[in-house]
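Asks: I'd like to ask some things about the structure below.
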């Protein structure tokens, strides 16, 4: 009798005997139909996970098989994806995108978060003093704004009235000092005019009038 070690479904007759024996094709193989004398191997990108299959199935999106006789497909690792069925590999997610395991597509980083390398499994917020510029890069907070350390808000915030920040990429704003005023939060303080006084946090000078008087510390009340 021939060696059928690689045959999972075969039909044969013993010499001088009418006895017929059939064997189911094993996983990773298929038969062409009744009367087959051997089983075929599932090709790369296809599989069968049951015995006696008559057809190999394509690996579903999010998985692959890169060899013949596959009994199962391997899921894409986090940081990669495969949108097409019947694939032999998964594609690495580009910078600015990410994926979890078994993903059929890479997902663009959500608003306020980035990934600046390929094969990302998650996206993250920009460092303090910075905000998202693209899905894969950050930019400094512009002058007049800030973003503090450990902030849950991904966006830079404007300095509050009476504060200023004349440098970019900062984590805080500074209160306008006394004897100065800060009309523009993105510019350095301006000296108070000689005929006026400015309390700390002033956005404009105060000139003495009938309803104002000087305090001993040269501030106005």
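The values are calculated or read from the model by the stated rules, or taken from the named source; none is laboratory data. Treat the numbers as computed from the prediction; the structure is a model and nothing was measured. Here the Cβ positions follow ideal geometry from the backbone for every residue, glycine too, while neighbour counts run over all protein chains shown.
Asks: Restricting to region 47-81, and then to whatever is over 23 Å from the mean Cα position of the chain (by Cα) and part of a strand (DSSP E or B), can you tell me which residue is surrounded by the most Cβ atoms within 10 Å (Cβ to Cβ)?
Replies: Ranking the qualifying residues of region 47-81, first place goes to 47.
Asks: Condition first: part of a strand (DSSP E or B) and either more than 24 Å from the chain's Cα centre (by Cα) or in contact (Cβ under 8 Å) with a residue 24 or more places away in the chain (or both). Now tell me which residues in region 127-156 satisfy that.
Replies: Narrowing region 127-156 to residues part of a strand (DSSP E or B): 130-134, 137-140, 145-146.
Passing the criteria: 130, 131, 134, 138, 140, 145, 146.
Asks: If you check residue 44 against the conditions, is it more than 22 Å from residue 121 (Cβ to Cβ), modelled with pLDDT of 95 or more and either exposed (fewer than 15 other Cβ atoms within 10 Å of the Cβ) or more than 37 Å from the chain's Cα centre (by Cα) (or both)?
Replies: For residue 44, the condition - more than 22 Å from residue 121 (Cβ to Cβ), modelled with pLDDT of 95 or more and either exposed (fewer than 15 other Cβ atoms within 10 Å of the Cβ) or more than 37 Å from the chain's Cα centre (by Cα) (or both) - is not met.
Asks: Then there is this: Among 76, 22, 115, which is modelled with pLDDT under 95 and in contact with a strand residue (DSSP E or B) (Cβ under 8 Å, 6 or more places away or on another chain)?
Replies: From the options 76, 22, 115, the qualifying one is 22.
Asks: Residues in region 105-124 that are in contact (Cβ under 8 Å) with a residue 24 or more places away in the chain and either farther than 25 Å from residue 151 by Cα or surrounded by fewer than 18 Cβ atoms within 10 Å (Cβ to Cβ) (or both): how many? Walk me through how you get there before you give the answer.
Replies: Going through region 105-124, the residues in contact (Cβ under 8 Å) with a residue 24 or more places away in the chain turn out to be 105-106, 108-109, 111-114, 118-123.
Still in the list and also either farther than 25 Å from residue 151 by Cα or surrounded by fewer than 18 Cβ atoms within 10 Å (Cβ to Cβ) (or both): 105-106, 108, 111-113, 118-119, 121-122.
Going through region 105-124 one residue at a time, the tally reaches 10.
Asks: With respect to residue 102, determine if the residue is surrounded by fewer than 22 Cβ atoms within 10 Å (Cβ to Cβ), modelled with pLDDT of 95 or more, part of a loop (DSSP other than H, G, I, E, B) and over 23 Å from the mean Cα position of the chain (by Cα).
Replies: no
Asks: Hey, another quick one. What residue, among those in region 35-46 that are assigned to a loop (DSSP other than H, G, I, E, B) and in contact with a strand residue (DSSP E or B) (Cβ under 8 Å, 6 or more places away or on another chain), is farthest from residue 24 (Cα to Cα)? Give the steps one after another, and end with the answer.
Replies: The initial filter retains those residues of region 35-46 that are assigned to a loop (DSSP other than H, G, I, E, B), namely 35-39, 42-45.
Restricting the remaining residues to those that are in contact with a strand residue (DSSP E or B) (Cβ under 8 Å, 6 or more places away or on another chain) gives 35-37, 39, 42, 45.
Numbers: 35: 12, 36: 11, 37: 11, 39: 9, 42: 15, 45: 22 Å.
Among those residues, the one meeting the criterion is 45.
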